[in-house]
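Step one of this worksheet: look at the structure below.
The values are calculated or read from the model by the stated rules, or taken from the named source; none is laboratory data. All figures in this text were calculated on a predicted structure; none of them were measured in a lab. Cβ: placed from backbone, ideal geometry, glycine included. Neighbour counts: every protein chain shown. Surface accessibility is based on the protein's heavy atoms, side chains included, excluding ligands, DNA and RNA. Shrake-Rupley method; radii C 1.70, N 1.55, O 1.52, S 1.80 Å.
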Amino acid sequence: MRPAGSEQQAFEIRRLSLELALGAGTCHIGSSLGIADVLAVLFFEVMPVDPDLPGAPLRDTFILSKAHAGSALLSALALRGTIDRAQLEREYCRDGGAFGGHAERGTPGVEISGGSLGHGLPIAVGRAIADRLDSRHRRTYCLMGDGETDEGSVWEAAAMAGRLGLDRLVAIVDANGHQGLDRKLADDHWERLASRFEATSWEVTEIDGHDHAALRHALRGGEGRPRCVLAHTVKGKGLPFMEGRFDSHYRSLRPHDRERALTALEQARVAA
Amino acid sequence: MRDAFAAALTEAAARDERLCLVLADLGVGVFDDFERLAPERIFNAGIAEQAMVGVAAGLAQAGRRAVAYSIAPFIASRAHDQVRVDVAAGAANVTLVGVGGGVAYGYLGLTHHAIEDLATMRAMPNMTVLAPCDPADARGATLAALSLDGPVYLRLGKNGEPPLLAPGTSFRIGRATRVRHGRDLTLASTGPILASAIGAAELLARDGIDAAVLHLGTVKPLDTDAIDEALADTGMILTVEEHSVIGGLGGAIAEHAAQTGAGRVVRAGFPDRFVHEVGGRDHILARHGLDAAGVAARALSALGVEPPRSSPVGAGGLR
């Protein structure tokens, strides 16, 4: 049986991420909800994994650099069958458990120990170079936050990728417009960000990061140059009382919020 | 401790108009008072720790005093080269504040733990290294750091630590604080894990072991007089730290004792491995024998004492 479509999977990623946050009382909920569509399209449509072999190793490489959204990645991996869902629900952010708030390398499908920003893209460049050396025709995807592009290491790696013309490297920038101390963005913020990638020989595609058709198209395309997908997203997407809210980064939910949160998530899906 | 630090910082900023604060996109709500007092002296470098530390060094070169603040590993590891060249070698008036020292950010994992920071910071010439133990101590350490000439690394816990020192205890850079007298051995600790040392001394007392407790709010320069005295009085120091056993407080005291040849030093801390254990701080400390029971058990084994069957230490301490 083929897995359900990416829209349905995105909802499942959101629901499971929310369940994990509710169970463990953890924060970064908005970060995870915001990238659910990107992950659903990647893990269930774009990255060539055999849908009949849900436990098979992922063929393309996916690196979550904004690892504070780790609960979404773990949820996608659980839905994909790469890790055990029951164990994830039992052990996420629990004393002695197998899964922490930032996914760590060693968990199947988790390529880097995340939580320190600006590490993903340099590692992705290394992986893409190795694939080129070994003539492996696979893509390397790196998902990072827009705030994360403050880190100098992002641009050091971007320059190298551009210089080498790593055409099978795709950097996805989760452009939700929020970061830690939440600054007001300049009107031309996104154009300037895009032009910085272009200046280092990247191709930039700007899309709605919740539009699955646009994601499919953008994530599959690109030849000759590394590609940056500037994906505009809404932090907390799918949970109306968190959508677009700065505090969705810091706020945690308590067990008594459970019904309200899950109902709101369900209703928002129906409305959409 | 974080709020005590922020309050002391704001007080210092009110007195010293040169004082500037540089952030790396962390500290929501922590610096609201500073922001009200002097919004023109607070700067956010963005998620860019190396730039934050470099900017602080530049401000200091121009005659300012600068404080850079982030989660401990993002100061001590991420910006290491800027700390070394721009701050330490430059002997800049920069106070580097690392919040969440040790494993205070438990569940957030190894990228958010700092268990090598005391070692790397201590190895830097010119650097003063402070690790206060409770909110009042953090306040004292902050004010001391901000009136010292030269670079300081100030390692804090998070928030909500209980008071551990007697009210009115003053913080003096380079001076250890005797928390408890004892004859049989000295438990020497730094930072909020002093709570485990105090708890261990209480457990040991039930087994008839009289442990002294020494708090070293300054890791560098080391209070060698206090170390010499502790070794002379008790013959043995068991160091207790939320840090690798390599290069931190245990390393510093062992280096000193090896030179003088006086007494024995045993180190309790994280072994030479990254902490992959998922859990809150208390869980991680207990799993590494760094809770009160674990420290007491370590003390008994160092003393060559078999824990009595009835002892709470014997019942659950040894792992």
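Return the residue satisfying two criteria in turn: it lies in region B:113-139 and is open to solvent by less than 20 Å² (accessible area, probe 1.4 Å) and small (Gly, Ala, Ser), and of such residues it is nearest to B:Leu165 (Cα to Cα).
Residues of region B:113-139 open to solvent by less than 20 Å² (accessible area, probe 1.4 Å): B:113-115, B:117-118, B:121, B:124, B:127-134, B:137-138.
Retained after the next criterion (residues that are small (Gly, Ala, Ser)): B:114, B:131, B:138.
Details: B:Ala114: 24, B:Ala131: 14, B:Ala138: 11 Å.
Across region B:113-139, the extreme among qualifying residues is B:Ala138.
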Review point. What do you reckon, is B:Ala119 among the small types (Gly, Ala, Ser) and out of contact with any helix residue (DSSP H, G or I) (no Cβ under 9 Å at 6 or more places or on another chain)?
Key: no
Check your understanding: Which of (1) touching a residue at least 60 places away in the same chain (Cβ under 8 Å); (2) surrounded by fewer than 23 Cβ atoms within 10 Å (Cβ to Cβ) does A:Met144 not meet, given it meets every other one?
Key -> (2)
Check your understanding: Among A:Ala199, A:Ala231, A:Ala194, A:Ala218, which is closer than 22 Å to A:Gly120 by Cα and touching a residue at least 60 places away in the same chain (Cβ under 8 Å)?
Key -> A:Ala231
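Test A:Ala194 against the stated conditions and say whether it is modelled with pLDDT of 95 or more, surrounded by fewer than 14 Cβ atoms within 10 Å (Cβ to Cβ) and more than 14 Å from chain B (Cβ to nearest Cβ). Steps first, answer last, please.
Details: modelled with pLDDT of 95 or more: yes; surrounded by fewer than 14 Cβ atoms within 10 Å (Cβ to Cβ): no; more than 14 Å from chain B (Cβ to nearest Cβ): yes.
In short, no.
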Review point. If you go through region A:150-159, how many residues are buried (at least 24 other Cβ atoms within 10 Å of the Cβ) and within 14 Å of chain B (Cβ to nearest Cβ)?
Key: 2
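Within region B:235-282, count every residue that is open to solvent by less than 20 Å² (accessible area, probe 1.4 Å) and either within 14 Å of chain A (Cβ to nearest Cβ) or polar (S, T, N, Q) (or both). Walk me through how you get there before you give the answer.
Initially, region B:235-282 is screened for residues open to solvent by less than 20 Å² (accessible area, probe 1.4 Å), giving B:236-244, B:247-253, B:257, B:266, B:268-270, B:275, B:278-280.
Then drop every residue that is not either within 14 Å of chain A (Cβ to nearest Cβ) or polar (S, T, N, Q) (or both), which leaves B:239, B:244, B:275, B:278-280.
Total satisfying the criteria: 6.
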**Study point:** Output for region B:78-127, where each listed residue is of a type in the set (A, V, I, L, M) and within 12 Å of chain A (Cβ to nearest Cβ)
**Key:** B:Ala79, B:Val103, B:Leu108, B:Leu110, B:Ala114
Check your understanding: Got at least one residue in region A:126-135 being crowded, with 24+ Cβ neighbours inside 10 Å and in contact with a helix residue (DSSP H, G or I) (Cβ under 6 Å, 6 or more places away or on another chain)?
Key -> no
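Given the criteria more than 15 Å from B:Ile193 (Cβ to Cβ) and of a type in the set (Val, Ile, Thr), does B:Thr224 qualify? Even if it seems obvious, please write down each step before you answer.
On the way: more than 15 Å from B:Ile193 (Cβ to Cβ): yes; of a type in the set (Val, Ile, Thr): yes.
Answer is yes for this residue.
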Exercise for review: List the number of the failed condition for B:Ile75; all other conditions in (1) touching a Cys at 6+ places or on another chain (Cβ under 8 Å); (2) within 14 Å of chain A (Cβ to nearest Cβ) hold.
Suggested key: (1)
Study note, to complete from the structure: Among the residues of region B:42-57, the number that are closer than 25 Å to A:His178 by Cβ and more than 9 Å from chain A (Cβ to nearest Cβ) is 5
Check your understanding: From A:Gly106, A:Gly118, A:Gly96, A:Gly101, which residue is touching a Cys at 6+ places or on another chain (Cβ under 8 Å) and facing chain B (nearest Cβ under 9 Å)?
Key -> A:Gly101
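Which of the residues that make up region B:58-72 are more than 17 Å from B:Glu116 (Cβ to Cβ), touching a strand residue (DSSP E or B) at 6+ places or on another chain (Cβ under 6 Å) and either free of Cβ contacts under 8 Å to residues at least 24 places away in the same chain or within 14 Å of chain A (Cβ to nearest Cβ) (or both)? Full working, then the answer.
Restricting attention to region B:58-72, the residues satisfying the condition of being more than 17 Å from B:Glu116 (Cβ to Cβ) are B:58-69.
Next, from what is left, pick out any that are touching a strand residue (DSSP E or B) at 6+ places or on another chain (Cβ under 6 Å): B:59-60, B:64-69.
Matches in region B:58-72: B:Tyr69 only.
Matching residues to (1) among the basic types (Lys, Arg); (2) open to solvent by less than 70 Å² (accessible area, probe 1.4 Å):
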site: A:Pro226; (1), (2): no, yes
site: A:Val229; (1), (2): no, yes
site: A:Gly236; (1), (2): no, yes
site: A:Ser248; (1), (2): no, yes
site: A:Arg251; (1), (2): yes, no
site: A:His256; (1), (2): no, no
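With respect to B:Glu35, is the statement that it is open to solvent by 10 Å² or more (accessible area, probe 1.4 Å), without any contact (Cβ under 8 Å) to a residue 12 or more places away in the chain and either on the phi < 0 side of the Ramachandran plot or more than 12 Å from chain A (Cβ to nearest Cβ) (or both) true?
Details: open to solvent by 10 Å² or more (accessible area, probe 1.4 Å): yes; without any contact (Cβ under 8 Å) to a residue 12 or more places away in the chain: yes; either on the phi < 0 side of the Ramachandran plot or more than 12 Å from chain A (Cβ to nearest Cβ) (or both): yes.
So B:Glu35 fits the description; yes.
Among the residues of region A:249-271, what is the count of those that are within 14 Å of chain B (Cβ to nearest Cβ) and either in a helix (DSSP H, G or I) or touching a strand residue (DSSP E or B) at 6+ places or on another chain (Cβ under 9 Å) (or both)?
Let us first name the residues in region A:249-271 that are within 14 Å of chain B (Cβ to nearest Cβ), namely A:249-252.
Then drop every residue that is not either in a helix (DSSP H, G or I) or touching a strand residue (DSSP E or B) at 6+ places or on another chain (Cβ under 9 Å) (or both), which leaves A:249.
Total meeting the criteria: 1.
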Exercise for review: Filter region A:55-105 for residues that are in contact with a Gly (Cβ under 7 Å, 6 or more places away or on another chain), open to solvent by 40 Å² or more (accessible area, probe 1.4 Å) and in a helix (DSSP H, G or I) and give the result.
Suggested key: A:Glu89, A:Glu91
Exercise for review: Would you mind finding the one in B:Ala200, B:Ala232 that is among the small types (Gly, Ala, Ser) and buried (at least 22 other Cβ atoms within 10 Å of the Cβ)?
Suggested key: B:Ala200
